[in-house]
Structures are given as C-alpha cells and as structure tokens.
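Shown next, in structure tokens, is the structure this report addresses.
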C-alpha cells in the first residue's frame, strides 16, 4: 500500500468532474479530505499507476500532482487527521521492512 497526496486544479467550470472523484476514491482503500483540492489516499497504486487511472477524467488545462507521503511531514490539521495519516504512514513503513 502507498500513502499519496493528490492535489489538483480542475479548471473547466462547464465540466462535470464527478468521474474524477469517483475514480480517485474508487482506487483507494481509504481517503482523507480536509483541504480543498487535496486528498490523501491510502492505495495499492503507485503515483504512476494512479495518474494513469485518473487521466481520462480530467482535461489538458487541469493540473494534478501525486506525491508519496513520507516522514517527516508537518502542517496544520485536526488531531484526528494526524492520527489517520500517522497510522497509515506506519503501516506503509512496516510493509517496506517485510521480506519479499
């Protein structure tokens, strides 16, 4: 699993972007959304694999950035958000230590 920060600018006011959000959340085991235009996803997909799934749902004028979340991180969020992020970061780190 991966913990990814997905931030986006969906610029076409005439377009219905519901399919973008359905695809983003549908390709995530869990997600967290506290900041406009930013979603943290807990997903089995890499940034490359996730952007491939999202590309049909946005336009050339839109922007999407997907970045793995690793520590250290900092910001201003409610404690429940930090707990959620920390738990998943720990799980991702433990998975990377397991022999394959």
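Each reported figure results from applying straightforward, stated rules to the coordinates on display, with no laboratory input. All of these numbers come straight from a predicted model, not from anything done at the bench. Neighbour counts are summed over all protein chains in view; Cβ atoms, including those assigned to glycine, are modelled from backbone coordinates with ideal geometry.
Structure notes:
- Peptide ranges 68-76, 44-52 listed from the most packed, as the mean C-beta count within 10 angstrom indicates: 44-52, 68-76
- At full extension, residue 74 and residue 98 could sit 6.0 nm farther apart than now, given 0.36 nm per residue minus the alpha carbon distance.
- The helix-only estimate of mean residue ellipticity at 222 nm for the chain, built from DSSP H runs of length n ≥ 4 each weighted as -39500 (n - 2.57), is -11000 deg cm²/dmol after division by the residue total.
- Our compactness index for segment 2-97, the C-alpha radius of gyration over the empirical 2.2 N^0.38 Å, is 1.10.
- Residue 86-residue 59 FRET efficiency (beta carbon distance; Förster radius 41 Å; 0.05 resolution): 0.70
- Extension gain, residue 11 to residue 52: 0.36 nm times the residue separation minus the Cα-Cα distance gives 12.8 nm.
- Seen against the Cα atoms of the chain and their longest principal axis, helix 79-97 is set at about 70 degrees.
- Note on residue 33 and residue 67: the model spin-label points, each 7 Å out from Cα along the C-beta direction, lie 2.1 nm apart.
- The distance linking segment 20-49 with segment 56-79 is 9 Å (Cα centroid to Cα centroid, whole angstrom).
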